[in-house]
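What follows is a set of notes on a single structure, which appears directly below.
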Amino acid sequence: QIHAKKMNVTLDMLNSPALVIMTNRGYIKRIDPAVFSKQGRATRGRNMGKMRGGDEVTKVTHCNGLDTVLFFTDRGRVHAVRAYNIPQASTSALGTPFTRVLKLAEGESITAMLPVDTTEEPGAEGETSLCFVTARGLIKRTCASEFVGIRNNGKKALVLRKGDRLKHVIIVKKGDGIIIGGIDGSVIHFDADSVRAQGRAAAGVKAMAFKPDGLDDTSEDDDTSEALPANVAGMAVVPGAVVQSLGLNKASAGDVADDSEEDGEDEDAKGPMLFFVSSDGRGKRISVAQFAQQSRAGRGKKGMGLMKGSKLTALCLTGLDSDEHEHVIIGSQGGVMNRYDVASIRPQSGRAAKGVNVMKLSDGDTVRDITLLPVELGDDE
């Protein structure tokens, strides 16, 4: 309320929804998601602003103005800033240099960000944790209480092995499931509790195994300081209530692999869905019920078939409440974004199905991420 009075705005205005966008060369901006109108499949989208030579959009997240956004760096440190302190800009603006928002060390860069709703009262369901996944496939769970009171110069969040970098950070609770997708289209689902809690100085454990011809190397004796190619495309949390209601915490007799490449629609599919997007602009929805939990560090199952030369780049979980009014924003490396109605992408049944064309891309551009918008923002459309 004090900040709202200083800025001469109401608390509701200060807490308005926003998209935070950051680029590889260190620019950041906050924009209103309402500037994106819903589009049909296979349309080109809207350009997100000037891109200086060689720059590219690296991260996009949805938050509210009063949220605290945690920024994680390539040196394993975490910084915090209120979302409303990130300068607001138009879609055509370049943005503001990170250094005006965060106090980073020379050469330090942001690799992940996580908005946290600090207006909610702590729940009585037990301790929440932050779950970290690196590009090479390591995972670490740390109690959220260890990230209270982050100073201006940041705080150590995790230890990164040489050549690795932080890819994703999510919030998990006891009983939740964690889904991780590999760039080869494979998916693994395991119990979050199978990852024991570690302190901020730990490096983590293996989350998923990858094919020998992939990039399965999480050994500690890696002596290169260069960034190694990524194994991990994305991750999502399956709430514990969904895990229990769908019986995903144990493989059932009906959990038979459907690895066909049939593009047939799954008309009977209901409930939570995994939404995959590939680098070439294809998207796919498939029921999360097809992915029962298995042991951590396993190979996983096929989640999406891929066209030659493409890879899985992002995923999210939809339909936790209802997908009737859910929207997603899909963004490209070149800074183009498009908003889609989730329900317009018909679910498919085959795990190896390659999905449908979702976003039309310019030559040389690729899909970078997917952001799920809250249902209430879809209702306003």
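Using the Cβ-Cβ distance between LYS162 and GLU106 with R0 set to 22 Å, the FRET efficiency from 1/(1 + (r/R0)^6) comes to roughly 0.65.
Stretching the chain fully between SER344 and LYS360 yields a gain of 4.2 nm (0.36 nm per residue, less the alpha carbon separation). The packing ranking of peptides 173-182, 154-163, 32-41, highest mean first, is 173-182, 154-163, 32-41, where packing means the average number of other beta carbon atoms within 10 angstrom of each residue.
Of the cross-linked pairs LYS38/LYS311; LYS140/LYS301; LYS270/LYS301; LYS103/LYS311; LYS206/LYS302, which ones have a Cα-Cα span greater than 28 Å in the structure shown? Violating the 28 Å limit, Cα to Cα: LYS103/LYS311. Could you tell me whether region 14-101 comes out rounded, prolate or oblate from its Cα gyration tensor? Rule is a ≥ b ≥ c as square roots of the eigenvalues, rounded for a/c under 1.5, then prolate if a/b exceeds b/c, otherwise oblate. Because a/c hits 1.5 or more and a/b fails to exceed b/c, region 14-101 counts as oblate. Taking 0.36 nm per residue of sequence separation and removing the Cα-Cα distance, the ARG196/LYS38 pair yields an extension gain of 52.7 nm. Here the spin labels are modelled as points 7 Å beyond Cα on the Cα-Cβ line, and at GLU146 and ASN24 they lie 3.2 nm apart. Checking every one of the GluC sites (Glu not before Pro) in region 78-166 against DSSP loop status and a limit of 12 other Cβ atoms within 10 Å picks out GLU106, GLU120, GLU125, GLU127. For GLN88 and SER295, a Förster radius of 56 Å and the Cβ-Cβ distance give a FRET efficiency of 0.80, rounded to the nearest 0.05.
When the chain is fully extended, how far beyond the present Cα-Cα distance does ALA241 get from LYS206, taking 0.36 nm per residue of separation?
Additional length available on full extension: 10.0 nm.
When a/c reaches 1.5 or more, the comparison of a/b and b/c decides; with that in mind, is region 309-381 rounded, prolate or oblate per its Cα gyration tensor? Oblate.
The numbers here are math on the coordinates, done by the rules we state, and not lab data. Everything numeric in this text was worked out from a predicted model, so none of it was measured. Cβ atoms come from the backbone with ideal geometry, glycine included; neighbour counts cover every protein chain shown.
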